[in-house]
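As structure tokens, the structure follows; a few thoughts come after it.
Nothing in this text is a laboratory measurement; each read-out follows from the coordinates by a stated rule. Because the structure is predicted, anything quoted here is derived from the model rather than measured. Cβ placement follows ideal geometry from the backbone for every residue including glycine, while neighbour counts extend to all protein chains displayed.
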Amino acid sequence: MNLKRIGVVAITAIITASLSACGVGEAKVADPAEIATATPLPVEVSTPQIADIFATYQTTTTITSDSEAPVLARVSGEVVEILVEEGDEVEKGQLLARLDGDRLRLQMLQAKANLEKTSKAYERYVQLHERGLVSASIFEGLKFDVDALSASYELKRLSYNYTKIRAPISGVVSSRDIKLGQHVMAGAATFTITDTSKLIAYLRIPQVELSKISAGDTARVRVDAMPEVEFEAMIARISPTIDPLNGTFKATAIIENQDGYLAPGMFGRFNVAYEKHSDALLIPAAALIEEDNESVVYVVNDGSANRRTIIVGIESDGLVEVLGGLEANEKIVITGQGGLRDGARVLASNALQTSFTG
């Protein structure tokens, strides 16, 4: 070993000894609890609210219309005019289309002329019959002819009027099934009119839930086309019999749709409210933690988050009813509670404000 290498080893040994003597370089493992205490964790807090809450039963089904009428052609003919299109609102009796009615009009006029001719002859025979100049059989036969011709005229007039296709109900034209120039046969569908001012939905209620729901209960409806909008509905009636295929009762819900936002065929999500708790203490469902079959929240006091077991009731629309274990003026953690321990230091921001407390 040369002198240069010996010198380096010696210097290294001296430095190591000096560091060991003064304690510099000793490794120290930090305690996680100390870090949690020393470093406040950012959380978001809120106070409970006082409001009404409803116990609800949730189900889904298709919305439909209880008032839909196909418009059938009463007579055969060529379509010469179409006055409405799909989506148009119509009133009962409104003219929708016309068929070529020249032949039927002429037949009606012919029947009318025959009726008028026979009626005048009958009027003359009345006077003669009163004077005893006409036999009773001839007079009665003429009277029967008048009645028969009158009925024939009314049939011809009715057939001619049927060339004007009219709406049987008020509503919206949901389909047009004819084209201009098309020859339609009697009994063929020409339009479909749907009344969308009041829609219905058939809800399937399990037997275990039936005792909770009754006619007159309200419901809220959401559809995929407008997920942020809620519509009001009411349970109008409940069938007293069970469907043997699925073991459910059928409840009919009525949905008022005067604004026309909903349409038959939409898929609806129904929340039927069957029990109301007034002035309940409510917290966000997101603040709740389920631990060891207990409902737990973290309450912030003097910059510390303390674990609190509470008693909960109804849960609806993202809110939970608190029946015990929490006061209305206490602040609870609603965001960030997943990583908290009992007594952890927190830097809390109010859910409705930007200022911090802690």
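Among the trypsin sites (Lys or Arg not before Pro) in region 107-163, those placed in a DSSP loop whose Cβ has at most 16 other Cβ atoms within 10 Å are Arg131.
Available extension along the chain between Leu83 and Gln207 is 39.6 nm, counting 0.36 nm per residue and deducting the alpha carbon span. For the chain, the longest principal axis of the alpha carbon atoms and the long axis of helix 3-22 meet at an angle near 70°. Compared with the direct C-alpha span, the chain from Leu347 to Thr252 gains 29.1 nm at full extension, assuming 0.36 nm per residue. Once the Cβ-Cβ distance between Lys120 and Leu158 is put in as r, and R0 is 30 Å, what FRET efficiency do you end up with, to the nearest 0.05? It comes to 0.80.
Of all DSSP-defined beta bridges confined to the chain, some 95% are antiparallel rather than parallel. From the list (i) 1.17; (ii) 0.97; (iii) 1.44, can you say which value of Rg/Rh (Cα atoms, Kirkwood Rh) was derived from the structure given? Only one option fits the structure, namely (iii). Note on Lys179 and Glu290: their simple-model spin labels are 6.0 nm apart, each label 7 Å out from Cα toward Cβ.
The helix-based estimate of mean residue ellipticity at 222 nm for the chain, built from -39,500 (n - 2.57) per DSSP H run of four or more residues and divided by its residue count, is -8000 deg cm²/dmol to the nearest 500.
Quick one: if the Förster radius is 35 Å, what FRET efficiency do Arg166 and Phe144 give, using the C-beta to C-beta distance and rounding to 0.05? So, using R0 = 35 Å, E works out to roughly 0.55.
Structural descriptor for the chain: relative contact order 26 percent, calculated from alpha carbon pairs under 8 angstrom and at least 6 residues apart.
Whole angstrom only: what separates the Cα centroid of region 295-317 from the Cα centroid of region 166-237? Rounded to whole Å, the Cα centres lie 44 Å apart.
Size descriptors for region 73-194: radius of gyration and Dmax over Cα atoms are 20.8, 67 Å. With both labels modelled 7 Å from their Cα along Cα-to-Cβ, the Gln127 to Arg269 distance reads 8.5 nm.
Compared with the dominant principal axis of the Cα atoms in the chain, helix 102-130 is inclined by about 40°. Can you tell me the orientation of helix 136-161 relative to the chain, as the angle in degrees between its alpha-carbon axis and the longest Cα principal axis, to the nearest 10? Tilt relative to the chain: about 30 degrees.
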